[in-house]
Amino acid sequence: MSECLFCQIVAGDIPARVVAESDRALAFYDVAPQAPVHVLVVPKEHVESADAVAADHSGVVDALVLLAQRVADDEGVRDSGYRLVLNVGADAQMSVAHLHLHLLAGRRLAWPPG
Ligand code: AMP
């Protein structure tokens, strides 16, 4: 998926502020942070969205959550708490069609979100 923004970040063709990496996932700071800590965790393989996760993507969501835990630890927010968000489709305002977990933390986050 050479035209996919996050595939290009995974490939190193577009720069990003990478904070952590595993064999299956990459974590980098969001360019437009919505919280003091706002990191995106993406699978290295191209998956369109959470709605496209299928049996042959076995382990892909686990890989995102496991790397998010490590990022939360490294960012010092694992104990204070953090929010993990998966946007899917237009009404959720998903803007990049590559599965990604938002890790938001560093302040008391409003609930429900707007
Ligand atoms: P979503 O709206 O759930 O699709 O989230 C996409 C996120 O990607 C947004 O929060 C954007 O700010 C973020 N974003 C877009 N381009 C980049 C980029 N080049 N590097 C890091 N984050 C980006």
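The values are calculated or read from the model by the stated rules, or taken from the named source; none is laboratory data. This is a predicted model, so every value here is computed, not measured. Positions of Cβ are backbone-derived with ideal geometry, glycine not excepted, and every protein chain shown enters the neighbour counts.
What the table below lists for this structure:
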| read-out | value |
| --- | --- |
| Residue that is outside any strand (DSSP E or B), touching a Leu at 6+ places or on another chain (Cβ under 6 Å) and more than 27 Å from Pro112 (Cβ to Cβ), where the choices are Val10, Val47 | Val10 |
| Close pairs from the range 14-31: first under 14 Å from Val71 (Cβ atoms), partner assigned to a loop (DSSP other than H, G, I, E, B), Cβ under 7 Å, at least 6 apart | Ala25/Lys44; Leu26/Lys44; Phe28/Ala16; Phe28/Arg17; Tyr29/Arg17 |
| Failed criterion for Pro43 (all others in (1) touching a helix residue (DSSP H, G or I) at 6+ places or on another chain (Cβ under 9 Å); (2) without any contact (Cβ under 8 Å) to a residue 24 or more places away in the chain hold) | (2) |
| Members of the range 23-44 found to be over 13 Å from the mean Cα position of the chain (by Cα) and surrounded by 15 or more Cβ atoms within 10 Å (Cβ to Cβ), listed by number | Ala35 |
| Where Ser58 falls short, out of the listed (1) modelled with pLDDT under 95; (2) in contact with a Pro (Cβ under 8 Å, 6 or more places away or on another chain) | (2) |
| Subset of the range 91-114 [near the ligand (Cβ under 10 Å from one of its atoms), assigned to a loop (DSSP other than H, G, I, E, B) and not hydrophobic (A, V, I, L, M, F, W, C)] | Gln93, Ser95, His98, His100 |
